[in-house]
Amino acid sequence: MEKNYNLAKWLNNDMTDEELSEFKASPDFEEYEKIKNYTSHLKVTDFDEEKVLKNILSHKKTTPKVIPLYKNWMFRVAAMLVIALGITFTVQNFSTETQYASNGERTAFSLPDNSEVVLNAGSKIEYKKWNWNNHRNLELKGEAYFKVAKGKKFEVETNLGKVAVLGTQFNVKARKNRFDITCFEGRVKVNYKDKEIILTHGQSVAFQNGSQINTAVDVQKPEWLENQIAFNKENLRNILDEIQRQYNVTIDVEEESPNELFTGKIPTDNLDVALQIVATTYHLEPKKINSNQIIFEGK
């Protein structure tokens, strides 16, 4: 603090001779002397207040750009439309396409290559429209009939196996642990566990619990398209499950289910007849609790 005080007195020439002699003897005096000599040659120009004022007034004021509110609103609407269109395009082209057929209903639709598909009751199919030409895969739960466009190919995957299309008309059914495939035209390649077989026109195969059932068919399309369900060596529980899907009803059996296997047809447009066929085959008595609930009792 004292050092700064002495420096200030020296710069203002306020020191006594004794103080000056002592200050010049200090180790920093030589450096202070150089700074003082240098700054003494510096000159500060006089401040011309009038000139500065004229310079400020000579600059033109810039008018701020004003965007009308209605234009700002239009820009926002346009941006929202662009975003909405982008989202719509993404959903339609990149998301998974899903087709359903609820119990008691059927659903018909076309694939991106114009192949035709009909879903049976209680079934679902998923596929992607985007990049269809390079990724022709469908995931099926339930039963569906396929009429493939000429020259087109794709694969149908189920939890039980896979069917590769080789230009054909065919039916795939995957319910519980039973996998049925029928070829009505052309050829299909079927993969089930470690097995691979080729079906041609009029051939049908079913897999259940590791067993393979081969049959021949003499129809041009699946019977369910003409309001009939065809069964080939099926147990009672599978038959009742299918009737429930077709008529959207609930069916219970009070006694233990018989072990006999059924081969034949049951209508999908007349519930009373369908129930009577089951009752006659398995020696049961149908009892309607209400319009949507049926119980089979032993005779």
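The values are calculated or read from the model by the stated rules, or taken from the named source; none is laboratory data. The model shown is predicted, which means the values in this text are computed figures rather than measured ones. Quick reminder, even Gly has a Cβ in these numbers, built from the backbone with ideal geometry, and neighbours come from all protein chains shown. Keep in mind that these areas ignore ligands, DNA and RNA; they rest on the heavy atoms of the full protein, side chains included. Shrake-Rupley method; radii C 1.70, N 1.55, O 1.52, S 1.80 Å.
Among the residues of the range 241-290, how many are in contact (Cβ under 8 Å) with a residue 40 or more places away in the chain, under 22 Å from Arg106 (Cβ atoms) and under 38 Å from the mean Cα position of the chain (by Cα)?
13
Out of all the residues in the range 117-141, which are touching a helix residue (DSSP H, G or I) at 6+ places or on another chain (Cβ under 9 Å), in a strand (DSSP E or B) and modelled with pLDDT of 95 or more?
Within the range 117-141, Val118, Ser123 meet the criteria.
Just checking, which of Ala78, Ala144 is at pLDDT 85 or above and either assigned to a strand (DSSP E or B) or farther than 30 Å from Val188 by Cβ (or both)?
Checking each option against the conditions leaves just Ala144.
Has the range 216-225 got any residue that is closer than 22 Å to Gly104 by Cα, open to solvent by 20 Å² or more (accessible area, probe 1.4 Å) and either without any contact (Cβ under 8 Å) to a residue 60 or more places away in the chain or not aliphatic (A, V, I, L, M) (or both)?
yes
Can you tell me which residues in the range 147-164 are part of a strand (DSSP E or B), within 20 Å of Ala108 (Cβ to Cβ) and without any contact (Cβ under 8 Å) to a residue 24 or more places away in the chain?
Scanning the range 147-164 gives a single hit, Val156.
Looking at (1) open to solvent by less than 20 Å² (accessible area, probe 1.4 Å); (2) in a strand (DSSP E or B); (3) closer than 18 Å to Gly202 by Cα, can you tell me which one Ile266 breaks?
(3)
For the range 165-207, which residues satisfy the criterion of being in contact with a strand residue (DSSP E or B) (Cβ under 7 Å, 6 or more places away or on another chain), open to solvent by 50 Å² or more (accessible area, probe 1.4 Å) and not in a strand (DSSP E or B)?
Result: Leu166, Asn177, His201.
Please determine, by comparing only the residues of the range 142-158 that are over 23 Å from the mean Cα position of the chain (by Cα) and under 29 Å from Asn238 (Cα atoms), which one is least open to solvent (accessible area, probe 1.4 Å).
Within the range 142-158, the first condition is being over 23 Å from the mean Cα position of the chain (by Cα), and the residues that meet it are 145-153.
Keeping just the survivors that are under 29 Å from Asn238 (Cα atoms) gives 145-148.
Numbers: Tyr145: 20, Phe146: 1, Lys147: 90, Val148: 20 Å².
Step by step, filter the range 142-158, then rank; the result is Phe146.
Go through Gly104, Gly210 for me and flag whichever is open to solvent by 10 Å² or more (accessible area, probe 1.4 Å), in contact with a helix residue (DSSP H, G or I) (Cβ under 8 Å, 6 or more places away or on another chain), within 25 Å of Arg237 (Cα to Cα) and not β-branched (Val, Ile, Thr).
On the way: Gly210 fails: in contact with a helix residue (DSSP H, G or I) (Cβ under 8 Å, 6 or more places away or on another chain).
When all the criteria are applied, what remains is Gly104.
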